[in-house]
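Please read the structure below before turning to the comments.
FYI, it's all coordinate maths here, none of it is from the lab. What you see is a predicted model; the values in this text were computed from it and never measured. Because the Cβ atoms are built from the backbone with ideal geometry, glycine has one as well, and the counts that use them run over all protein chains shown.
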Amino acid sequence: MNQANVWEHVDQYITQQLIPQDNILESVLRSNQQAGLPPYDVTPNQGKFLNLLVRMHGSKRILEIGTLGGYSTIWLARALPAGGQLVTLELDPHHAEVARANLALASLNELVELRVGDALEQLARMKDEGVAPFDFIFIDADKPNNPNYLQWALHFSHPGTVILGDNVIRDGEIINEHTEDPRVKGVRAFYELLADEPRITATAIQTVGSKGYDGFVMGIVTSA
């Protein structure tokens, strides 16, 4: 068995041991696949990781940049207390349509506001609307714009806000300073901005699993 297969089997073992079968979430993944969405969803154990982070932090307002079919949205929203709210941004109208159906299946329509369109335009519009800061922000969209998303995340933060970014290892390509891959360049710029930004303290972890070799960045906003 090669290393990638080991990672995948370990993910399956973790899921079987620690994550009860959930017919709604399994239906969401099937719907995403049948609708032709790219297979970019977080894994079940990653989804529960997000859920536990929100619960540990006690977040009441969540911003998600990158909805896809709403699988991670559901994991996040389920962690919210009564009266909580999640705003999620999705560029692709087809993805958003699938996500709306999935959120309805999970009975989360009233808890989640799904905004469709270019995320940077949506974020600027939210600023004009006077949208209040968020307690937890999950960045999982197009990687070249990660630095821009981080700047907006800081705008919509308050001291104590958690900012989490996905897919920040890229099979180790982040150490390739000569890369021409715009996704890797975006992630490297994301790191550089985090390193220079005095308003946030952050770290990153490498992960392996059924999605390969990747990781998360997590930071806490320390000042406005």
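Using 0.36 nm per residue and subtracting the Cα-Cα separation, the extra length available between residue 142 and residue 213 on full extension is 23.7 nm.
Note on residue 104 and residue 121: the extension gain reaches 3.6 nm, defined as 0.36 nm multiplied by sequence separation minus the Cα-Cα distance. Once both labels are positioned 7 Å from their Cα atoms along Cα-to-Cβ, the gap between residue 22 and residue 155 label points is 3.1 nm. The value of relative contact order for the chain, using C-alpha pairs under 8 Å at least six residues apart, is 19 percent. About the centre of its Cα atoms, the chain shows a dipole size close to 560 debye [charges on the beta carbon of Lys, Arg (+1) and Asp, Glu (-1) only; nearest 20 debye]. With both labels modelled 7 Å from their Cα along Cα-to-Cβ, the residue 196 to residue 33 distance reads 4.4 nm. Note on residue 60 and residue 13: the model spin-label points, each 7 Å out from Cα along the C-beta direction, lie 4.2 nm apart.
The count of lysine pairs in the chain that are at least 8 places apart or cross chains, and whose C-alpha atoms lie under 18 Å apart, stands at 4.
The convex hull drawn around the Cα atoms of the range 131-224, when projected onto a plane and averaged over every direction, covers 5.9 nm².
Label zone (residue 183, point 7 Å along Cα-to-C-beta; backbone nitrogen cut-off 13 Å) within the range 200-224: 211-215.
Between residue 203 and residue 52, residue separation times 0.36 nm minus the direct Cα-Cα distance comes to 52.6 nm. Helical runs (DSSP H, four residues minimum) scored at -39500 (n - 2.57) apiece and divided by the length of the chain put the mean residue ellipticity at 222 nm at -13500 deg cm²/dmol.
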